[in-house]
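The values are calculated or read from the model by the stated rules, or taken from the named source; none is laboratory data. Note that the structure is predicted; figures quoted are calculated from it, not measured. Don't worry about glycine lacking a Cβ; one is built from the backbone with ideal geometry, like all the others, and counts go over all protein chains shown. Heads up: the accessible areas ignore ligands, DNA and RNA and are worked out on the full protein's heavy atoms, side chains in. Shrake-Rupley method; radii C 1.70, N 1.55, O 1.52, S 1.80 Å.
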Amino acid sequence: MNMQTPPYRLVGQSLLPFEAPLAMPVRGLDDVPTPRRFEPPAPAAPSGRRAAAFGLAILAVIGLGLTMAAGLARDGYQAIDALLMALYLPIVAWTAFAAATAVLGSVWSARDPRPDRAPRRDWVPRGRTAILIPARNEDVDALEDRIRALRADLGGRALRRKVDIFVLSDSDNPLIIDREERLAEALAGDLRPGVATYYRRRSENSGRKPGNIAEWLRRWGGAYQYMLTFDADSRMSARRIAGLIAKMERRPDLGLIQCGVRLTGAETRFGRVQQAATGLYGPAFTAGIAGWSGGAGNYWGHNALARVRAFAGAAGLPRLEGSAPFGGDVLSHDFVEAAWLRRAGWSVEIDPDVSGSSEEGPQTLAEFHKRDRRWCQGNLQHIRILARAQGLDPISRLHLACGIFGYLASPLWLGLVVAATMSGSTGTMTVPVLGAIALLLAQKLAGVAYWLRRDPSGWRRTCRLAAGETLISGLLAPIVMMRQTVSVISVLSGNDCGWKPAARSGLRGGNDDMPWLEPAAGVALLLAVLPGVGSLWQVAVVMPIVLPLLIAPWLVAWLDARPPAAARRAEAVGGAVQALQR
């Protein structure tokens, strides 16, 4: 029970069930448990799919690497050429592997059987499931709408007899706490859906979200076989939840199933661009990751079902030595928890199907940057974990490495453009640069092919949506690259972002604390490379980066605005993609 709640506010009702303690030991970097063995054994690793993904990427790297070396050799090798190759090869390796993942994911999704059918509405699982909704200073009205919709959906299935909902609050805003407690009373008193709903607030949010989940496990985990983790803005259908539980009951080796997730609720142009991009390209890419991951998949922190005793026994996170940004609490905890589960012998699988599984994305570019800065710090912290953790599955290490390089790629791209232009080497890099761009476009084409196969009659709509998204994403890419470069430099310099929670309470444009960054960077970049510009090709290389930076304030203002009704109808193609995903 929330000890901070005055007794009269409880109206004689308990907001929490009786405790059922469960041990959750901390598993250190070198704490390698004896891997579990299962009967029947877990499915074999997808070695053929891994060979295909890595093989395609390696071929692309070799081909473009040799092309780059041949171009640089035209005027004899110089010291700058070694720098250019050192910047180019990691970028190509990263881009080639992403392209191979998307292309093969599109192919595999056509061959793989359709997702498992959900059990009948009168199906009752053997074990109990807790749906955990961590919340910290969230929009309570929106949270209530999501919880009531979930309860009503569950109430239409016999599944409700074995499902409870827990709102796990870490809020510290008194006004929000008061509203949360009033909501908790109302939900506890409304017994019509037949789904028990509990509320617990911690006085201190030690350990952040993983600490919140761990505290629940240690107090109530013993009463449940499964837990479904949400973010405060997550939505899942009762049908999808039933299907996940049924799959886990059939597979004793499964420790965690991560669902595919689609974005919903976009109101601004920026939100709609994000929604369109994830809707178009996400399914093929996620299918590719699922294909080569097999039982060594990943966890994204929400919209995922976990086996309670597996998670409690294997995924207790240590506090890293030293201070932030590389020490202290594990920030991007989900990747590490998946790696810890796999290290203990459990299967971690990604189910790429996005039907009945969604979340909301940032509405403005400022919100996106703030979230991205937190993720940058959390992912770069994994450098220490990769270096010191023992007993990790190689694919788990790959997931961690991909998360790290997702942010290191930005300063590498910026460094490559600046070094090539200032050294006058852009002419010799025409084919290698076009090759890298082709790999980026291959990821988008794989997503388009995925949808054309499912909705051939809508090819005009799909292609129009992809063309518009590609244009806007091309304008946004230099802005995101510059912000991520600043974030990487900041983290590597020892600065801690404070890991503040994301704002989810509507549109919050104007929160950008560095509105001058992009124009200033554009001017500085232009002045830096101008002396080395000697041809139209060099101008063509630089201007697609410089121009969006110079016009960033006007571009961002346009993207952050809600489109008028006519523009919304023109951009409503994304709704058709969502309809296909349901």
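Structure summary
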quantity: Count of Lys pairs (Cα-Cα under 28 Å; at least 8 positions apart or interchain) in the chain; calculated: 7
quantity: Farthest toward positive dipole pole in the chain [+1 Lys/Arg, -1 Asp/Glu at C-beta], among 524, 548, 361; calculated: 361
quantity: Furthest towards positive pole of dipole, 123, 196, 155, structure part region 109-256, Cβ charges; calculated: 123
quantity: Pairwise Cα inverse-distance average, inverted: Kirkwood Rh of region 302-408 (Å); calculated: 15.2
quantity: Region 79-234: relative contact order in percent, alpha carbon pairs under 8 Å with at least 6 residues between; calculated: 30
quantity: Value of Rg/Rh across region 116-211 [Cα atoms, Kirkwood radius]; calculated: 1.02
quantity: Region 356-487: Rg to Rh, with Rh as the Kirkwood radius over Cα pairs; calculated: 1.02
quantity: Where trypsin sites (Lys or Arg not before Pro) fall in DSSP loop in region 114-182, at most 11 other Cβ within 10 Å; calculated: 117, 120, 126
quantity: Region 242-380, relative contact order [Cα under 8 Å, separation at least 6], %; calculated: 40
quantity: All-pairs alpha carbon distance profile, region 33-137, 10 Å steps from 0, percent; calculated: 10, 21, 21, 23, 13, 8, 3, 0
quantity: Counting DSSP beta bridges with both ends in the chain, the antiparallel % (nearest 5); calculated: 30
quantity: Helical segments meeting 30 Å axial Cα length and Kyte-Doolittle 0.0 threshold in the chain (DSSP H); calculated: 47-72, 79-111, 269-293, 394-422, 430-454, 459-492
quantity: Residue-normalised accessible area of the chain, given per residue in Å² at a 1.4 Å probe; calculated: 43
quantity: Per-peptide average of other Cβ atoms within 10 Å, ordering 81-92, 19-30 highest first; calculated: 81-92, 19-30
quantity: For the chain, size of Cβ-based charge dipole, Lys and Arg +1, Asp and Glu -1, in debye; calculated: 1860
quantity: Largest-first ordering by accessible area, 1.4 Å probe, given options 153, 351; calculated: 153, 351
quantity: Stretch gain in nm, segment residue 463-residue 477, where the contour uses 0.36 nm per residue and the Cα spacing is subtracted; calculated: 3.0 nm
quantity: Cα Rg, Dmax, region 267-348, angstrom units; calculated: 16.1, 44
quantity: The chain, accessible surface, carbon-and-sulfur percent (1.4 angstrom probe); calculated: 61
quantity: Normalised contact order of the chain, rounded percent, pairs of Cα under 8 Å and 6 or more residues apart; calculated: 21
quantity: Check: region 184-254 dipole with +1 on Lys, Arg Cβ and -1 on Asp, Glu Cβ, in debye; calculated: 180
quantity: Exposure ranking of 460, 269, 219, 36 by accessible area [1.4 Å probe, largest first]; calculated: 460, 36, 219, 269
quantity: Heavy atoms of residue 302: accessible area, 1.4 Å probe, square angstrom to 10; calculated: 20
quantity: The chain, Cα convex hull volume normalised per residue, Å³; calculated: 160
quantity: Region 279-380, dipole about Cα centre (Lys/Arg Cβ +1, Asp/Glu Cβ -1), debye to the nearest 20; calculated: 300
quantity: Extreme residue, positive dipole direction of region 23-101, given options 70, 54, 24 (C-beta unit charges); calculated: 24
